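**Student:** Below you will find the structure I want to go over with you.
Laboratory data are not the source of any read-out in this text; all were calculated from the coordinates shown. Remember, predicted model here, so these are calculated numbers, not experimental data. Here the Cβ positions follow ideal geometry from the backbone for every residue, glycine too, while neighbour counts run over all protein chains shown.
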Amino acid sequence: MDSSAGCRCREAPSSRFLRFALIGAVAVCAIACQRRAADTAAEKPRPQQAGQPVNPYATAGHIAGARAALLTGNQQAARQYVEAMARDISRSARLRDASRPINHEAARTAVRPMPGVRSAIWLDADNLAVMVDGQPYRDVDMIDRICVALEPLGDTLGVVVNLQDAKARNGDEATTLSRNCQLPEGQRAFMQAKRQVDVVAPEVREQFKKMQRK
């Protein structure tokens, strides 16, 4: 009888151990994500970020989750893990989500009531021009607030916010501050052209100022 019990232990399927190991890995990843979300909950809301290297730990978590889902026969969960991994790769490559375009009129409706905003118009399919009420509102924090307000409407990787001061007193204050919602200053999404909004380019203005100082 003891021999039979030992035999049964030796014949236990190895896939069962693998299944529990993968499920455990997914649980650890989930707990880590929850802790990070709790740590950042009290921080100032920041726009989604793209163009960053793919997180290898997140990728490993997606792969482990997909494998665990397949072992348990959950095809839908496995597909969700694969899709999440594909989204991470697309965001790293600065690829816009064509399935989530932002409606222009809805975006204007969301931005216009914000403190400091005088008006908001679309210059083209990607560039949103926002006229603000003075220099205190012409900064990157204002761009962040606008981008966060637009996030429920779709993928903000396709949006470039252009801030212009309605009370500008000189050329420097009149210069447009532009940035893609999800990228550092100067960067654009894949295949997204840079639009020159100001009549005088910032580079030309700087050269002129240097000539005046000589």
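**Student:** What's the FRET efficiency of E105 with V148 using the Cβ-Cβ distance as r and R₀ = 22 Å, to the nearest 0.05?
**Tutor:** Here the calculated transfer efficiency is 0.70.
**Student:** In whole Å, what is the distance between the alpha-carbon centres of segment 62-136 and segment 140-167?
**Tutor:** Cα centroid to Cα centroid, the span is 12 Å.
**Student:** Also, quick follow-up: Sort 66-72, 130-136 by packing, meaning the average of other beta carbons within 10 Å per residue, with the highest value first.
**Tutor:** Sorting 66-72, 130-136 by mean packing, highest first, produces 66-72, 130-136.
**Student:** Now for a separate question. For segment 97-196, give me the percentage of DSSP beta bridges that are antiparallel, rounded to the nearest 5 percent.
**Tutor:** 60 percent
**Student:** Starting from the 7 Å offset along Cα-to-Cβ, what nm value, one decimal, do you get for the label separation of R169 and L70?
**Tutor:** With each label point 7 Å from Cα toward Cβ, the separation is 6.6 nm.
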